[in-house]
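The values are calculated or read from the model by the stated rules, or taken from the named source; none is laboratory data. Keep in mind the model is a prediction, meaning the values are calculated, not measured. Here the Cβ positions follow ideal geometry from the backbone for every residue, glycine too, while neighbour counts run over all protein chains shown. We work out accessible area using only protein heavy atoms, side chains counted, and drop any ligands, DNA or RNA first. Shrake-Rupley method; radii C 1.70, N 1.55, O 1.52, S 1.80 Å.
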Amino acid sequence: MSNDATKEKLGELYQQLMEVRNAMLELQKGIEPEPVENYELVTLDGKRRVSSFFGEHDTLFLIHNMGSHCVYCTLWADGFNGVIDHLQDRAGFVLTNPESPEKQKEFAESRGWRFPMASLGNSTLAVDLGYDNGAGEYLPGVTVLKKLDDGSIAKVADTPFGPGDPYCAVFNLFDLIPEGYEDWQPKLAY
């Protein structure tokens, strides 16, 4: 296939990809909100309810992170750090994981992270929202919560994170390299 034909086919496939994405977003809008408990999490400032992380917004990005040992979770969090001001202009944001607030602070400072973090503490948040396999193995992803008119909280969207997903720009950029990202692993330090 010639370069021109290949570029034309790539353009067609990209258009199809965008159409599928738009169809997925339309379906997402039709999902009924699911009630969520106002879990108690632990921060350096003490115990806080999930509702406190909404700030002035009625929407919250609740990030599920496995902790400082996970190079992929660190990679996603590094990316969020770059867009946190934009995200917080529209919604609240908190990154959660099972580590202590002290460990979170130490690791966040080593990475230059500027977003709020909270420890899961003894809460069942990760299990209840599907980001703990029930055996204490945490899974990465995001849950979008909405504060309803009556003050209750509901889940309106969620998705797991994984290599190649659209929530980490690194993978999409590496896709442009002929070798892709398949032989690459993120590192905790460079």
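Structure data summary
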{"item": "Matching entry among Tyr138, Tyr167, Tyr131 (being surrounded by 13 or more Cβ atoms within 10 Å (Cβ to Cβ), of a type in the set (Phe, Trp, Tyr) and either touching a Gly at 6+ places or on another chain (Cβ under 6 Å) or on the phi > 0 side of the Ramachandran plot (or both))", "result": "Tyr131"}
{"item": "Check on Met18, surrounded by 11 or more Cβ atoms within 10 Å (Cβ to Cβ) and either without any contact (Cβ under 8 Å) to a residue 24 or more places away in the chain or not aromatic (Phe, Trp, Tyr) (or both)", "result": "no"}
{"item": "Near pairs, Cβ below 9 angstrom, 6+ apart or cross-chain, from the range 149-174 (more than 22 Å from Asn81 (Cβ to Cβ)) to any residue that is at pLDDT 95 or above and part of a helix (DSSP H, G or I)", "result": "Gly151/Ser51; Ile153/Val50; Ile153/Ser51; Ile153/Phe54"}
{"item": "Number of positions in the range 139-165 that are among the hydroxyl-bearing types (Ser, Thr, Tyr) and within 14 Å of the chain's Cα centre (by Cα)", "result": "2"}
{"item": "Count of the range 175-184 residues which are closer than 22 Å to Val83 by Cα and either in contact with a strand residue (DSSP E or B) (Cβ under 7 Å, 6 or more places away or on another chain) or surrounded by 14 or more Cβ atoms within 10 Å (Cβ to Cβ) (or both)", "result": "0"}
{"item": "Members of the range 143-164 found to be open to solvent by 20 Å² or more (accessible area, probe 1.4 Å) and of a type in the set (Val, Ile, Thr), listed by number", "result": "Val144, Val156, Thr159"}
{"item": "Flag for Pro101 being surrounded by fewer than 14 Cβ atoms within 10 Å (Cβ to Cβ), within 22 Å of Leu60 (Cβ to Cβ) and touching a strand residue (DSSP E or B) at 6+ places or on another chain (Cβ under 8 Å)", "result": "no"}
{"item": "Qualifying strands (runs of 3 or more DSSP E) (wholly inside the range 1-90; at least 3 residues being β-branched (Val, Ile, Thr) and over 24 Å from Ser110 (Cα atoms))", "result": "none"}
{"item": "Condition check for Gly121: surrounded by 14 or more Cβ atoms within 10 Å (Cβ to Cβ), at pLDDT below 95, in contact with a strand residue (DSSP E or B) (Cβ under 8 Å, 6 or more places away or on another chain) and under 18 Å from Ser52 (Cβ atoms)", "result": "yes"}
{"item": "Unique residue being within 15 Å of Val144 (Cα to Cα), open to solvent by 20 Å² or more (accessible area, probe 1.4 Å) and of a type in the set (Lys, Arg) when the list is Arg48, Arg90", "result": "Arg90"}
{"item": "Flag for Asn65 being free of Cβ contacts under 8 Å to residues at least 60 places away in the same chain, open to solvent by less than 80 Å² (accessible area, probe 1.4 Å) and polar (S, T, N, Q)", "result": "no"}
